[in-house]
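This report refers to the structure that appears directly beneath it.
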Amino acid sequence: APAWLRRLCGHLLSERLLRPGGVQAVVRGVLEGTDGGVGTEAAALDWRKCDAVGKILAACPQQCLSLEDYYRQVCPQVLDLLHVRDKVAARHFQRVATTTVLSMAREQPQLAQRHLLQPLLAPLRRCAGAAELALEDLAAGAVLVPEAELGSCVEDVLKVYVVGNDSSSLLLSSLHSVLGVVFSLYSFAKQNVSYLRSPCQDILLWFLEKAEREQSLAVLEGLAGLSSHVPTLHPQCQLRVGSEGGAAIVVEETISDEDEALYQKISWEQCRVESLVELLSHCQKSGLAGDFFIHCLKELTQVAAEDEAAPDPAVEPGGSLLELEQYQARQGRKLLVLQLVAALCEGVSDTVFTDIVQVQEFVAAVLHRACVQLTQGAAGEVSQGVNPGYIGASAALLPAQLQSSDFAVLKRLVPLLEELSRTYPEPLTQELASDLRIAICTHGACSPGTLGAAAGSVLGRKPGTGTQSPAGTPGRAPRPPAPRHGHGSPSARREGSGEQSTCREPGASPAPCADSPAPAGLQELLVSAYDPQPPSRAAALRHLASLVTQRDPEALRLQEKLLQVFLENVQHEDAFVYLSAIQGVALLSSEYPERILPVLLARYECPAQGTGDTTAAVTRMKLGEVLMRVTRALGDMVFQHREPLIRAFLRGARDPDSALRASSLSNLGELCQHLGFQLGSIIQEVTCCVTAIARTDPEAEVRRAAVHVVVLLLRGLSEKVTEVGHLLPRDGATLLHAQLALEELDAAVRRALFPPQTLEKKIVVLP
């Protein structure tokens, strides 16, 4: 076209652009005919045209005298493009609006902030904690942000920030100011059914992904309530469920009941923690979840140190009200950090660490906490705070093909390990710390045998297959380490190669000694089965169970001793240990049911003397689990042990402990299923006992268990009773009687379920 025509058309378009509704009219005119043609090339052409229109809108025309005036007139119209309802044109209009906003933010950040981003985020900023609200003029329950306005704002933020995907500092800083409100809305939507949950989650995840790692951690800390880096929802505002599936923000209503107010506050804090953990579960591949978990561990150490150093004003006289408030704030922060760590352990701990650096930082945080407690003199706490499994986590990395840079990372643990090897109160952990320090300093060239046991326990390897010492013998279990100094430890000790080994825990039976005829490798496992550290003990028990599965001749020769070891470990409080022991007893019983089952039944019916009622009940419930595993393993062979098993569970159903009664009834129901409900002559005792318990037991859970057994029996009866015709001889008279019996049963059930309806006439004389 001639130059004069181009200038004239541009002048006319610019004039139309500055009029009310001019932006949408110009965009419609330019994009006329762009209907999303079929094919990749047509779609790409449409997007290029939308981007070109957006860049034109971002450029101020020459006839406009003031850039400020241009932005003031055009920016509201650009934001209106995000709300076009025409489904055909909405996609292109939103693309044009997003491109225009991003171009303006790059070219004129201050004007874009004032005329675009602030109006875009206005509904969210209106109720942020930093906003100055004149709430005294508003009644309780007054609507600050209507449902439609709030939902439209969230969708617009999603379109501009997430879909536009421009991580400039201006966009990140502007979104940072409303992240607290978005997170509150996300937590609220998670509690209720709302379409806002998904867009809020996408907005939060986009910011955490695009921001610098330090900024993301600070935001997570603010969302968790540990800092004020992120403005949260105003304390006098609350969210309310909307009628269209969204939410509205209203002025908080005062709750007169203090208990109800406290309950709602605690529930809301718990919901925010759960929402944060769910959010972090989507950030595990990037490593953000692991970094925040380590940050919480370090924060826990710092809070504990501050709490130890600061006096308790509630105990010491003369404390001021300010000191009391500061003390309560520290305690609240400590509880919040503990809640976060617990929730993260439960929610994302299985794959939280993505590389060796995070594993090193995690171990360093735990070891540093131990060193701080040692400095404060809390030896009792530190003996429970550091498990050798943490050191084993680092030891498990050493057999891998590590590079020199990896060892440079691990060398940060050396000062902490050296301090633990000198000052830790437990000799076993002292030796592990010293050996790991040597292995790291020598780049794995010298790896003492104690690390093999620690690493094997962490990785779940069989003892003796982990990291070997230079003088170690493959295939043998690691020898428990000897104390370095002092009077020894509760762990197994060896004063010399020719002396006997002893292994006792407080309240535990003595372990099998070295004078038994067991081979050296098996004897090592029997001693390790009484190790005071749960990982080593559980690994030894699982190895012994595998020997039973493999029908090792030496292990089967010592079946009585193995049974004693397994039964004593069943009483251990650690779940990993007693479940390993239960597995071992079940495997041993399935191999020799005639010898082992009577022992188990005797222990189930008569617990060991000298134990408390609660401990005895827990042990009997564990033995009940053993008996059920044996029942499953025996299959059809369980019929010859039918009556002793049923009688044992019936006696358990009359025990004073309600949990044991419920457990025995549950086991009885499962046993009836395995027996195919062929209980024989003892069925009368079973039905009478279960019926009496269902009617008279004072505990609801026991009555439920009894009713469950009744349901199982009726279900089995319903499946077996119809087979009576096939089980009887094929003569006519007998078949007739069977048919009559089935008809009587059918009629009785129908009368019970559907009683006959009778019509009767009643005449009532009113007074």
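Please treat every number below as a calculation from the coordinates, not as lab data. Please read all numbers here as calculations on a predicted model, not as lab measurements. Don't worry about glycine lacking a Cβ; one is built from the backbone with ideal geometry, like all the others, and counts go over all protein chains shown.
With charges only on Cβ, +1 for K and R and -1 for D and E, what is the dipole size of segment 1-107 about its Cα centre, in debye, rounded to 20?
60
Please compute P(r) over all alpha-carbon pairs of segment 1-107, binned at 10 Å starting from zero, and give each bin as a whole-number percent.
14, 46, 32, 8, 0
Averaging sequence separations of C-alpha pairs under 8 Å and six or more residues apart, then dividing by the length of segment 151-298, give the relative contact order as a whole percent. Display every interim value, and only then the final one.
Numbers: 130 pairs, mean separation 35.9, N = 148.
Result for segment 151-298 is 24 percent.
HN-Hα J couplings of segment 93-109 from phi, Karplus 6.51/-1.76/1.60, θ = phi - 60°, integer Hz, Gly and Pro as x?
5, 5, 5, 4, 5, 5, 4, 5, 4, 5, 5, 5, 5, 6, 7, 10, x
P(r) of segment 215-306 in 5 Å steps, Cα pairs, percent per bin?
Result returned by the calculation: 3, 11, 15, 20, 19, 14, 11, 6, 2, 0.
Cβ under 11 Å from Gly246's Cβ, Gly246 left aside: what net charge do those residues give with Lys, Arg +1 and Asp, Glu -1?
Working: positive: Arg197, Arg240; negative: Glu147, Glu149, Glu155, Glu244.
Taking every Cβ under 11 Å from that of Gly246, the sum is -2.
Which of the pairs Lys159/Lys210; Lys265/Lys334; Lys210/Lys285; Lys49/Lys159; Lys55/Lys87; Lys210/Lys265 have their Cα atoms more than 26 Å apart in this structure?
Values: Lys159/Lys210 16 Å; Lys265/Lys334 17 Å; Lys210/Lys285 14 Å; Lys49/Lys159 18 Å; Lys55/Lys87 23 Å; Lys210/Lys265 32 Å.
Cα-Cα > 26 Å for Lys210/Lys265; rest within.
Applying a 10 Å radius around every beta-carbon, put 575-588, 1-14 in order of their mean neighbour count, most first.
Values: 575-588: 22.1, 1-14: 11.0.
Highest to lowest by the protection proxy: 575-588, 1-14.
Can you give me the relative contact order of segment 1-107 as a percent, contacts being Cα pairs under 8 Å and 6 or more apart? Show your work: numbers first, answer last.
Values: 78 pairs, mean separation 32.2, N = 107.
Relative contact order, segment 1-107: 30 percent.
Grab the beta carbon distance between Ser243 and Glu643, set R0 = 56 Å, and tell me the FRET efficiency rounded to 0.05.
On the way: r = 64 Å, r/R0 = 1.15.
After rounding, the FRET efficiency stands at 0.30.
Return the long-range amide H neighbours of Leu144 (sequence gap of 5 or more, or a different chain), with a cut-off of under 5 Å between placed amide H atoms.
Ile249, Val250, Val251
Counting only residues 5 or more places away or on other chains, whose amide H sits under 5 Å from the amide H of Cys237 once H atoms are built in the peptide plane?
The answer is Glu252.
Would you mind counting up the charge near Ser173? Only other residues with Cβ under 15 Å from its Cβ, with Lys and Arg at +1 and Asp and Glu at -1. Walk me through the intermediate numbers first.
Details: positive: Arg106, Arg114, Arg125, Lys210; negative: Asp166, Glu212, Glu214.
Combined, the nearby Lys, Arg, Asp and Glu give +1.
Read phi for every residue in segment 206-212 and hand back ³J(HN,Hα) as whole Hz from Karplus 6.51 cos²θ - 1.76 cosθ + 1.60, θ = phi - 60°, with x for Gly and Pro.
Per-residue couplings from phi come out as 5, 5, 5, 7, 7, 6, 5 Hz.
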